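The values are calculated or read from the model by the stated rules, or taken from the named source; none is laboratory data. Remember, it's a predicted structure, so these values are computed and weren't measured experimentally. Here the Cβ positions follow ideal geometry from the backbone for every residue, glycine too, while neighbour counts run over all protein chains shown. Just the protein is used for accessible areas: all its heavy atoms, side chains included, with ligands, DNA and RNA removed. Shrake-Rupley method; radii C 1.70, N 1.55, O 1.52, S 1.80 Å.
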Amino acid sequence: MSIEVLTTQIDEIFFLIGAAILLIEIAEMLFKGTMKTRTLGEMLVSASTQIPYLVIETFILTGAYSIFWIIAQLLPWSIPTTWWSMVLIVILADITYYWEHRIAHEVRILWTQHAVHHSSRDMNIITGIRFGPLEGVWSLVAHLPLALMGFTPELIIFGVISVLAYQTWLHTELIGKLGPLEKVLNTPSHHRVHHGSDDKYLDKNYGGILIVWDRLWGTFQVEEETPRYGLKRDFDTRNPLKVWFSEWPALIRDLRTAGSLENALRVLFRSPGWVPKD
């Protein structure tokens, strides 16, 4: 079996798992009578983010593959596609995802994209496909070191898809805590914390497949009570355009009032919420 086929199969398997959970979530809401107009609207606007995301992501993936391929041709070494390199690339892609994800929370220009994923007040499988239009740009940059190590484009894409596909089933309230697995794996419980806007839940549990990176680098938080999902600020809309570009108006305003080029750069590259003291 080629690595390209395996990549596709992994993506399809987790898609089917996600689809099954979604059907159960919908059935539960219909049975309990909790499928309100607001809930349906929230799901539809989450799905709508795929329109700009997929259009742009097609070009980003093509560009990424081309850049990785060029790097592979220029390097005097190459890592072959074997079982051990496939295991290694998934581990390294998972570590890369942790830092890519963490930095996206800590750098405001990157947060303009990732905030879209966090802007839903609900937690369901559809929330998992709520993406900012340009999220793939930072992901491409973050994975360049893997290409410089000598991994082929096919191996890198295999690692990236494996990490992202795994997370499909994490966006749900149907699944409780999973015992000993909570020590090692990222689970729905851990990811609910990540989507919480409560102070103790902010900027926690960045992991993709493994939660050990959060435990190692001091960003782990156990789920103690049901989080309040969504952004820290009051943001609650079903308008697709407002969701797609939710962070841009405030960023543009702060850039206009920055007062200097130095402060403007700080607005862009410091943490969300930073403003000049004066």
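Structure summary
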item	result
Phi-based couplings in Hz for the range 79-92 (Karplus 6.51, -1.76, 1.60; Gly and Pro marked x)	8, x, 8, 9, 4, 6, 6, 5, 5, 4, 5, 5, 5, 5
TYR229 long-range amide H proximity, modeled H, under 5 Å	SER197
Note, ³J(HN,Hα) from phi for the range 232-241, Karplus 6.51, -1.76, 1.60, rounded to Hz, x at Gly and Pro	5, 6, 6, 9, 8, 9, 10, 7, x, 5
ASP11, ASP122, ranked by accessible area, largest first (probe 1.4 Å)	ASP11, ASP122
Share of alpha-carbon pairs per 10 Å distance bin for the chain, given as whole %	6, 26, 35, 23, 8, 1, 0
Across LYS36/LYS204; LYS204/LYS277; LYS183/LYS204; LYS177/LYS200; LYS242/LYS277, pairs whose alpha-carbon gap is larger than 21 Å	LYS36/LYS204; LYS204/LYS277; LYS242/LYS277
Coordinate range along principal axes, alpha carbons of the range 139-211, Å, largest first	39, 25, 19
Charge sum, other residues only, whose C-beta stays under 12 Å from THR127's C-beta, Lys/Arg counted +1 and Asp/Glu -1	-1
With DNA, RNA and ligands ignored, accessible area of TRP138 (1.4 Å probe; Å², nearest 10)	60
Burial ranking of peptide ranges 227-233, 68-74, 188-194 (average Cβ count within 10 Å, highest at the top)	188-194, 227-233, 68-74
Residue-level accessible surface for GLU247, protein heavy atoms, 1.4 Å, Å²	30
Compactness of the range 185-239 as Cα Rg over 2.2 N^0.38 Å, two decimals	1.17
Built amide H within the under 5 Å cut-off of LEU185, gap 5+	ILE211
Sequence of GLU173, GLU42 from largest to smallest accessible area, 1.4 Å probe	GLU173, GLU42
Helical contribution to [θ] at 222 nm, DSSP H n ≥ 4, -39,500 (n - 2.57), averaged over the chain, rounded to 500	-18500 deg cm²/dmol
For the range 117-131, Karplus couplings with θ = phi - 60° (6.51, -1.76, 1.60), whole Hz, Gly/Pro x	5, 8, 7, 6, 7, 10, 10, 8, 4, 5, 4, x, 10, 8, 10
